[in-house]
1. Please give the net charge around residue B:109, taking every other residue with its beta carbon less than 14 angstrom from that of residue B:109, where Lys and Arg add +1 and Asp and Glu add -1.
2. Can you tell me the order of B:89-99, B:323-333, B:71-81 when each peptide is scored by its average per-residue count of other Cβ atoms within 10 angstrom, highest first?
3. Please report, in cubic angstrom per residue, the volume enclosed by the convex hull of the alpha-carbon atoms of the protein assembly as shown.
4. Ranking B:36, B:193, B:248, B:120 by Cβ neighbours within 10 Å, fewest first, what do you get?
5. When the Cα centres of segment B:78-100 and segment B:182-216 are compared, how far apart do they sit, in Å?
6. Expressed in nm to one decimal, what extension gain is obtained for the pair residue B:125 and residue B:278 from 0.36 nm per residue of sequence separation less their Cα-Cα distance?
7. Please report the antiparallel percentage of DSSP beta bridges with both residues in the protein assembly as shown, rounded to the nearest 5.
8. Mind computing the radius of gyration and Dmax over the alpha-carbon atoms of chain B? Å is fine for both.
Amino acid sequence: MKNLWKFVLVLATAAPAAIAAERVVALKDAPGKDTVEATCSGCHSLDYIPLNSPFLDQQGWTAEVNKMINAYGAPIPQAEAAKAIAYLAANYGKP
Amino acid sequence: MLRRQFLEALGGATALPFFSPLRAEAAEAANLTYGLPAGAYGVGQMGTLPGKRPLIEWTARPPNYEAPLSAFATPFTPNDLFFVRYHLSGIPPQIDLQQWRIAVGGEGVATPLQLSFQDLQRDYEQVEVSAVCQCSGSRRGLSEPHVPGVQWGLGAMGCARWRGPRVKDILAKAGIRPGAVEVVFNGADGPALTTTPDFVKSLPIGKVMDENTIVALEMNGAPLPHFNGYPARLIAPGWTGTYWMKHLISIEPVSKPFDGFWMKAAYRIPTGMFPTVQNFATQQNEMTTPITEMVVNSLITSPAEGARFRVGEPVTAAGLAWDGGYGIRSVVVSTDNGASWREATLGEDSGRYAFRPWTYRFTAAGPGSQTIRARATNRLGETQVETLIFNGAGYHNNVVRPTTIVIA
């Protein structure tokens, strides 16, 4: 068991296992998807988006994106943030 | 009714494009509880982190995995089924025990220390504490209305035997100066971006000096799993998991309230909303206060939602109860939609911070469906609520929760 754990650790250091093993989250195809993928996935996996759906309205998704910028320091330009919010509200928002 | 809602929620999820047939299978295998947002049923699937058995994977990076109901069949949760919760994705892939140290320092100590794992084992009395570690947001996914965040179901918690030195003994050795109001704890994990606030937490000096507040070097008699904070994490019994700093690397007493983001802006609840005894006075303001003790709660571990029985068949309901460290006084169970309640039999008492198992025997009445409800009361007389005390972060959900079985 100990050896197996070491083996796993060796793999983890040889290649970034956390990234290699991460499942691909296929977001809905719609305008703004590229922006969301580019701006959000630097810090966290994209599963957070469908997980938090579909109960946030436009205001709710705006608050989430603004939290990422203002509280967590995500360097997202205003225009990109607006695109991301529009995509999230349209595709993962409250119906 | 509840079962219908559950099926509707699943139905709603299947209608969404991200809910692929493969995902559906995985979600079914995960046996997700009812009441979560529809999107959660598309995302939740069994996933396996290194050193762990399959857990319900909510997010991959940072990893957030909760234990399936089967992990709670025993009052101590196996290490490889213990839930995993991280805020930030800068997690060291491994920790070199030879290089790793806890720095005890800052203005608040006379003699700064750099403690190795061996120092912590050899130079201090080793104390064992059986305690529940529960995420503040456990059951957030069941909030009504739903609130953003990881949509935890029932399993963002676990109970273990934690063993290691007391924090107060470590601080005594470092010569803690008078005037400390809080102690600040940091771990080796951090943010992906330098602009994101590192996950750093403080505890009030009173809680730090409690004889049960320890640095755990062992969990259930084994090294901590990497994703539960290897090689050492802070144990703050009775208080929610946010204070249980993983991969602990620094301990710093301070004479002024710590003003980091994770104290000032996160993990806060409206002041006075919950009946907690131990509050965090130096961090409290008129509007909000840090979450502290867990509220009294229980879980029905058996039978499972939707389990089938024959009319007249004897059923043993089983579960766990816990609170913020006062101990469980009683668990009552109703099998008739809450009309009447009877005492369950409490199992072994592993201490006031641990899961308290309970069982209740009854005869399946039917045909039709029958709901089982359990309600725990602690030794302060606090009891679970019937209606959610809503708060925007989805904390402290201890609503009495029915399990519906089918009798044919």
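1. Once all neighbours under 14 Å are counted, the net charge is -1.
2. B:323-333, B:71-81, B:89-99
3. Taking the convex hull of the Cα positions in the protein assembly as shown, it is 150 Å³ per residue.
4. Sorted ascending by nearby Cβ count, the order is B:193, B:120, B:248, B:36.
5. A separation of 15 Å, based on Cα centres.
6. Gain on extension, residue B:125 to residue B:278, equals 52.4 nm.
7. Rounded to the nearest five, the antiparallel share is 90 percent.
8. That works out to 21.5, 71 Å for Rg and Dmax.
Here, each number is a calculation from the coordinates, and none is a lab measurement. Only a predicted model underlies this, so the values are computations on that prediction, with no experimental measurement involved. All Cβ positions, glycine included, derive from the backbone under ideal geometry; neighbour counts span all protein chains shown.
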